[in-house]
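Quick notes on the structure that follows.
The values are calculated or read from the model by the stated rules, or taken from the named source; none is laboratory data. Note that the coordinates shown come from a computational prediction; the quantities given were computed from them, not determined experimentally. Glycine also receives a Cβ, built like all others from the backbone with ideal geometry; neighbour counts cover every protein chain displayed. The protein model used for the area step is the full one, side chains on, heavy atoms only, and it has no ligands, DNA or RNA in it. Shrake-Rupley method; radii C 1.70, N 1.55, O 1.52, S 1.80 Å.
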Amino acid sequence: MDCSHHANQPRKDRPHSCHHTPSHPTPYGKLFFLSLLLSIPLHFLSSGHLNIPYCSTLEALISSIVVLLIGFPLLKSFSLSLKQLNPNMFTLLGSGILTAYLYSLFTTLFLPLSHNSLFFDAAAAITTLVLAGQWLEQYSENKLAHSLKNLLNLTPPTARLLNGTTEKIIPWADIQPGQHLLVLPGETIPTDGKILEGHSSVEESILTGEPLPIEKFPGDSVLGGTLLSGGRLLILAEKAGNQSLVARLSQLVDEAKQNPPPFQRLADKIAALFTPLVLLLALATAVGWILAGETTATAINRAVAVLIAACPCALGLAAPVATACGLSRAARLGVLIRNPSSLEKLSRVKLLVVDKTGTLTEGNPAITSLITAPETSETSALTLGASLATSSLHPLSKAIVKAALSKNLTLEKISDIHDTPGQGIAGKTKGTELLLGQLSFLEQKGINIPPTLRISAPTAVHHQTGPAVWLAQGNQCLARFNMADPIRSTTPAAIQSLQNLGIDLELLTGDQPEAARVVATQLGITRVQAGVKPEAKAARVSSLVGTVPGLVAMAGDGTNDAPALASADLGISLGSGTDTAKEAAAVVVLKGDIAGIARAFLIGRATIRVIRQNLFLAFAYNALALPAAAGLFLSSTGWALSPTWAATSMGVSSLILTANALRLLRYTPRL
């Protein structure tokens, strides 16, 4: 009786996918080594080089241990696929393993004197290779899980709770909004909050990619997981520990892994149809070779090779691992992508609509000159302007307040404050109305603008990318604050990167047209919409959708940007923005500038590129392996893919796809 045969490699886990993390993971590593230790002597037994008694019986015994005991998790998945009428890769793998094993067992028990080939070693080799593949798959899953765990490890296990004068150490999970937390130099900020007392440098590179420490003052926001490198801070917790940005990053990345992108759903559908077709193809292969005059053993050999080679494991792996790696890496680069479909959208964007202040510019404007009306002193104008500006969070308002405080001016009490987003702010002091905002805001209120203020605006101001803020009291305009907001140093390179990706930009801002055009000209942006009110932004974005070959993305950071973000094909919220804007966006960029947005597009496109590479490799593998396994190349090359080599090639293809996807964990966008 011939003791030579072949083997094959399958995969396991969930239908049409080769990776899944059960609550109690199967120890595939240990099972693989046990199977390997038994398969090696089985190979020598089946080779016919060892002339020992009861060779076939010994082969059957060893193969039974490998296939039925060590390979039980694979057979269990095979049985489940049949029970649930859900044909998948385990249907093919189980069919291949059991066909080789049962045919050999039948021949050994009932046809002991025949010279039919046995496939005990093939069944054991297939089982061993499948277990090896599962072990490698489990390793990649663990690596991804470790990457997500590292996100959560950014936050400290405990926090210092300050209750009056009493300091208490509490677990991180017990942090609640409204608590006062003390953070000392060198410690990690435990959760998202706002600074109540203190001044310090904060290292945010781990979350936002910002290489330099950021100076933080009372009133500034801080993120949990960032490192305090200067003085101590007293912060007001705004999020519970498990609701902080770091915690949500990990949760959303983990959830997104379970929601495959559209092209993966297509691959899964193909794999579902593929399985029954392959079963029919294997049957046709066996029948065809028998009709061609080959032996039953040869026909079974070809059929088993087809079943193993055609396993759609590569299709199942092509996108999920790459998607998970891309989402995890994006999170570490300060880009939160809420769902995998947004990855695909990032690759299809052709027009990006952005604001100017804080996105293209520093977002920290300063007063370059103060022009006052006759009989109005600079001190009086700065005092009144800063008194009203304290009620606004707009960067221009902050610049006026900062200038007044630097001169130790005493601010006045303002009442009846009313903010008109994107235009200005109104209030009352000593019974008279104060207005602070754009020129159009004052003109709508019927304010008299002295010619000296209207015509004295130095053109040099606009070349510094700065708008003007106007101050009025009663019905008279008192002063004009000329501002400068320098372009961020990273902006030109980021815009060049976006243009290299084929993405056009439109500047959509509420700032004055002159200042907007200066910025656009310096940066090479040809599409400019200036003086746009917040309510008109959504209408403008809606009008752009469908006018370009690809998708339209909108980047914004304020509550008033939420409608525009929702109107775009893809909404991108900046990390400095409001919760309303973040909820309306599919992508959140923690470092709220154009460089962070460019990183989002680069990591998104890199992920899609890897997914497409994997899908191509998966389809190419099946296109070549199937005819080779069926023996269609025998007449031209004299070679056919044996079950053992079919299993090996399937395992190698899956390993290549996984390794290609894991590269994303080390991907660094270059602007």
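Report yes if D13 is open to solvent by less than 80 Å² (accessible area, probe 1.4 Å), modelled with pLDDT under 85, of a type in the set (D, E, K, R) and within 14 Å of F120 (Cα to Cα), otherwise no. The answer is no for D13.
For the stretch 498-542, a residue qualifies if it is part of a helix (DSSP H, G or I) and touching a Phe, Trp or Tyr at 6+ places or on another chain (Cβ under 8 Å), and exactly one does: L498. As a summary of the residue check, F72 satisfies the conditions (1) closer than 25 Å to S654 by Cβ; (2) at pLDDT below 90; (3) over 36 Å from the mean Cα position of the chain (by Cα); (4) loosely packed, with under 15 Cβ neighbours inside 10 Å except for the one numbered (2). Taking the numbered list (1) of a type outside the set (S, T, Y); (2) open to solvent by less than 20 Å² (accessible area, probe 1.4 Å); (3) modelled with pLDDT under 85; (4) closer than 24 Å to A625 by Cβ in turn, V67 passes all entries but (3). With respect to being modelled with pLDDT of 85 or more and open to solvent by 90 Å² or more (accessible area, probe 1.4 Å), F78 falls outside the description. Between I417, I400, the distinction of being at negative phi and assigned to a strand (DSSP E or B) belongs to I417 only.
I'd like to check something: does the stretch 144-158 contain any residue that is among the β-branched types (V, I, T), within 30 Å of G225 (Cα to Cα) and either touching a Cys at 6+ places or on another chain (Cβ under 9 Å) or at pLDDT 75 or above (or both)? Checking the stretch 144-158: at least one residue is among the β-branched types (V, I, T), within 30 Å of G225 (Cα to Cα) and either touching a Cys at 6+ places or on another chain (Cβ under 9 Å) or at pLDDT 75 or above (or both).
Conditions tested, residue by residue: (1) open to solvent by 70 Å² or more (accessible area, probe 1.4 Å); (2) at pLDDT 90 or above; (3) more than 10 Å from F120 (Cα to Cα); (4) in contact with a helix residue (DSSP H, G or I) (Cβ under 9 Å, 6 or more places away or on another chain).
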residue: L42; (1), (2), (3), (4): no, no, no, yes
residue: G48; (1), (2), (3), (4): no, no, yes, yes
residue: P53; (1), (2), (3), (4): yes, no, yes, no
residue: T57; (1), (2), (3), (4): yes, no, yes, yes
residue: A60; (1), (2), (3), (4): no, yes, no, yes
residue: S63; (1), (2), (3), (4): no, yes, no, yes
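Taken over the stretch 70-90, the criterion of being assigned to a loop (DSSP other than H, G, I, E, B) and not hydrophobic (A, V, I, L, M, F, W, C) is satisfied by G71, Q84, N86, P87, N88. Among the conditions (1) in contact with a strand residue (DSSP E or B) (Cβ under 9 Å, 6 or more places away or on another chain); (2) modelled with pLDDT of 70 or more; (3) open to solvent by 10 Å² or more (accessible area, probe 1.4 Å), the only one that R248 does not satisfy is (2).
Within the stretch 220-233, residues that are farther than 10 Å from E187 by Cα have Cβ atoms under 6 Å from residues that are open to solvent by 20 Å² or more (accessible area, probe 1.4 Å) in these pairs: S221/K194; G231/G198; G231/H199; L233/G198, counting only partners at least 6 apart in sequence or on another chain.
In the list T648, T668, which residue meets the criterion of being assigned to a loop (DSSP other than H, G, I, E, B) and on the phi < 0 side of the Ramachandran plot? Steps first, answer last, please.
Values: T648 fails: assigned to a loop (DSSP other than H, G, I, E, B).
Selected residue: T668, the only one of T648, T668 that is assigned to a loop (DSSP other than H, G, I, E, B) and on the phi < 0 side of the Ramachandran plot.
Determine whether the stretch 364-373 contains at least one residue that is modelled with pLDDT of 90 or more, of a type in the set (A, V, I, L, M) and under 32 Å from the mean Cα position of the chain (by Cα). For the stretch 364-373, residues modelled with pLDDT of 90 or more, of a type in the set (A, V, I, L, M) and under 32 Å from the mean Cα position of the chain (by Cα): absent.
You will find that of L384, L388, the residue that is more than 42 Å from the chain's Cα centre (by Cα) and either at pLDDT below 85 or over 23 Å from K537 (Cβ atoms) (or both) is L384 and no other. Restricting the stretch 383-425 to residues that are without any contact (Cβ under 8 Å) to a residue 24 or more places away in the chain and over 16 Å from N482 (Cα atoms), which is least open to solvent (accessible area, probe 1.4 Å)? Residue satisfying both the conditions and the ranking: T420. Can you name the residue in the stretch 343-359 that is at pLDDT below 85 and open to solvent by less than 10 Å² (accessible area, probe 1.4 Å) and is also farthest from P467 (Cα to Cα) among such residues? Filtering first and then ranking leaves L343.
I want to confirm something. Restricting to the stretch 310-330 and keeping residues that are modelled with pLDDT of 80 or more and aliphatic (A, V, I, L, M), which single residue is farthest from the chain's Cα centre (by Cα)?
From the stretch 310-330, those modelled with pLDDT of 80 or more are 322-323, 325-330; that's our starting set.
Now drop any that are not aliphatic (A, V, I, L, M), which leaves 322, 327, 330.
On the way: A322: 10, L327: 3, A330: 4 Å.
Going through the qualifying residues, I end up with A322.
Only one of the numbered conditions (1) open to solvent by less than 80 Å² (accessible area, probe 1.4 Å); (2) out of contact with any helix residue (DSSP H, G or I) (no Cβ under 7 Å at 6 or more places or on another chain) is not met by R670, and that is (1).
Kindly indicate which of L590, L624, L657 is surrounded by fewer than 21 Cβ atoms within 10 Å (Cβ to Cβ) and of a type outside the set (F, W, Y).
On the way: L590 fails: surrounded by fewer than 21 Cβ atoms within 10 Å (Cβ to Cβ); L657 fails: surrounded by fewer than 21 Cβ atoms within 10 Å (Cβ to Cβ).
Result of the check over L590, L624, L657: L624.
Inside the stretch 255-296, can you point out the residues that are at pLDDT 75 or above and buried (at least 20 other Cβ atoms within 10 Å of the Cβ)? Working first, answer last.
If we filter the stretch 255-296 for residues that are at pLDDT 75 or above, which is where we start, we get 273-296.
Across the stretch 255-296, the qualifying residues are F274, T275, V278, A282, T285, A286, W289.
Of the residues T357, T379, T323, which is touching a residue at least 12 places away in the same chain (Cβ under 8 Å), within 30 Å of A404 (Cβ to Cβ), out of contact with any strand residue (DSSP E or B) (no Cβ under 8 Å at 6 or more places or on another chain) and part of a helix (DSSP H, G or I)? Going through T357, T379, T323 in turn, just one is touching a residue at least 12 places away in the same chain (Cβ under 8 Å), within 30 Å of A404 (Cβ to Cβ), out of contact with any strand residue (DSSP E or B) (no Cβ under 8 Å at 6 or more places or on another chain) and part of a helix (DSSP H, G or I): T379.
So is A123 more than 29 Å from the chain's Cα centre (by Cα), at pLDDT 80 or above and among the aliphatic types (A, V, I, L, M) or not? Walk me through it before giving the result.
Details: more than 29 Å from the chain's Cα centre (by Cα): yes; at pLDDT 80 or above: yes; among the aliphatic types (A, V, I, L, M): yes.
Spelling it out, A123 is indeed more than 29 Å from the chain's Cα centre (by Cα), at pLDDT 80 or above and among the aliphatic types (A, V, I, L, M).
Out of all the residues in the stretch 537-572, which are of a type in the set (G, A, S), modelled with pLDDT under 85 and within 24 Å of Q438 (Cβ to Cβ)?
Residues of the stretch 537-572 that are of a type in the set (G, A, S), as a first pass: 538-539, 542-543, 546, 550, 553, 555-556, 558, 562, 564, 566-568, 571.
Subsequent filtering for residues that are modelled with pLDDT under 85 retains 556, 558, 562, 564, 566.
Result: G556, G558, A562, A564.
Pairs are defined by a Cβ separation below 8 Å, a sequence spacing of at least 6 or placement on different chains, a first member in the stretch 515-527 that is within 12 Å of I495 (Cα to Cα) and touching a residue at least 60 places away in the same chain (Cβ under 8 Å), and a second member that is open to solvent by 20 Å² or more (accessible area, probe 1.4 Å) and assigned to a helix (DSSP H, G or I); the pairs so defined are L523/P492. Reported count of residues in the stretch 589-616, each being touching a strand residue (DSSP E or B) at 6+ places or on another chain (Cβ under 8 Å) and either part of a helix (DSSP H, G or I) or within 11 Å of L664 (Cβ to Cβ) (or both), is 8.
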